[in-house]
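S.K.: After the structure tokens below, expect a handful of questions from me.
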Amino acid sequence: MKGNIFAIGDIHGCADKLARLLRRLPFDRRHDTLVVLGDYLDRGPAARQVLDQLCDLRTQGVHLVALLGNHESLLLEYHQSGDQALLPYLRQLGLENTLESYGGASLPELAALSFLPAAHREFLDSLLPYWETEEYIFVHAGLRAGVPLAAQSLADLCEVREPFLGSEHDYGKRVIFGHTPFATPLITPHKIGIDTGAAYGHLLTAVELPAVSFYHAA
């Protein structure tokens with residue numbers, strides 16, 4: 001692969017932080033790849049503006065790889081199943097903040113995802129469970145040791161914490177992940193965690209690879 005890779009951790013509706021972070025990245029749009037690790041929605045106040053920015057990047061020709069986070073996964077599961085039992089979990093994840101950023105939505109609109117502009121709906125439908133290069137595996141939450149990448153469950157890819165976080169397992173490639181917030185990026189020989197709690201008033205973080213250089217926006 002030509003160029004560098006820039007991966008950004010959980011954004012969670014922090015559109016201003018995303019805009020500031022993007023301006024700080026030494027990103028070459030002709031050669032570099034931008035990876036966003038999921039959880040664009042909920043908690044923060046501006047989910048709509050986050051998706052606007054990400055959709056605009058694709059329109060501008062940026063090579064953007066967008067992964068599925070547990071927040072998007074649960075919303076899409078609710079849309080596909082109509083299971084009302086999922087609503088309390090969606091609310092616990094901060095869905096109300098997302099809906100407010102779109103001007104509100106009724107339950108039928110939520111179930112149909114009809115409150116989303118077409119470009120945002122297409123973006124959510126395009127999200128990948130993971131992305132692999134010759135040197136790295138990018139995933140929202142983590143991996144299950146001993147399970148081939150293609151056989152990993154979506155639940156683990158989007159939601160696992162332990163035993164992934166505490167394991168020193170070598171997955172054959174360095175794993176770049178988000179989902180679990182750290183005060184500073186987690187760096188071990190086999191993984192790098194870059195969720196630094198943007199939605200909780202902390203920094204939004206990106207890592208440049210292969211240099212392993214970090215960039216932040218408050």
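Only the coordinates and a few stated rules stand behind these numbers; no lab work does. This structure is a prediction, so every number in the text was calculated from the model and none was measured. We place every Cβ from the backbone using ideal geometry, glycine too, and count neighbours over all the protein chains shown.
S.K.: In straight Cα distance, which lysines are under 16 Å from residue 173, not counting same-chain residues fewer than 8 positions off?
M.R.: Result set, ordered by chain and number: 191.
S.K.: Okay, next question. Hey, can you rank 53-63, 82-92, 197-207, 128-138 by average C-beta count inside 10 Å, highest first?
M.R.: The packing order, highest mean first, is 197-207, 128-138, 53-63, 82-92.
S.K.: For labels at residue 2 and residue 173 in the simple 7 Å Cα→Cβ model, what's the distance in nm?
M.R.: Here the modelled spin labels are 2.0 nm apart.
S.K.: Using the alpha-carbon atoms, what tilt in degrees (0 to 90, nearest 10) does helix 70-81 show relative to the longest principal axis of the chain?
M.R.: 40
S.K.: Report, in debye and to the nearest 20, how large the dipole of the range 12-217 comes out about its Cα centre when Lys and Arg carry +1 and Asp and Glu carry -1 on their Cβ.
M.R.: It works out to roughly 480 debye.
S.K.: A follow-up question, please. Note the angle between two axes, namely the Cα long axis of helix 15-24 and the longest principal axis of the Cα atoms of the chain, as a number of degrees from 0 to 90, rounded to the nearest 10.
M.R.: Roughly 30 degrees, rounded to the nearest 10.
S.K.: Along the charge dipole of the range 1-93, Cβ charges K/R +1 and D/E -1, which of 55, 31, 78 sits furthest on the positive end?
M.R.: The one lying farthest along the dipole's positive direction is 31.
S.K.: Moving on. Considering only the other residues whose Cβ falls under 11 Å of the Cβ of residue 217, what net charge follows from Lys and Arg at +1 and Asp and Glu at -1?
M.R.: Value of the local net charge: +3.
S.K.: A further question on this structure: Taking a quarter of the surface of the Cα convex hull of the chain, what do you get in nm²?
M.R.: 11.4
S.K.: Amide H neighbours of residue 137 under 5 Å, counting only residues 5+ apart in sequence or on other chains, H built in-plane at 1.01 Å?
M.R.: 174, 175, 176
S.K.: Once the Cβ-Cβ distance between residue 53 and residue 162 is put in as r, and R0 is 35 Å, what FRET efficiency do you end up with, to the nearest 0.05?
M.R.: E between residue 53 and residue 162, to the nearest 0.05, is 0.60.
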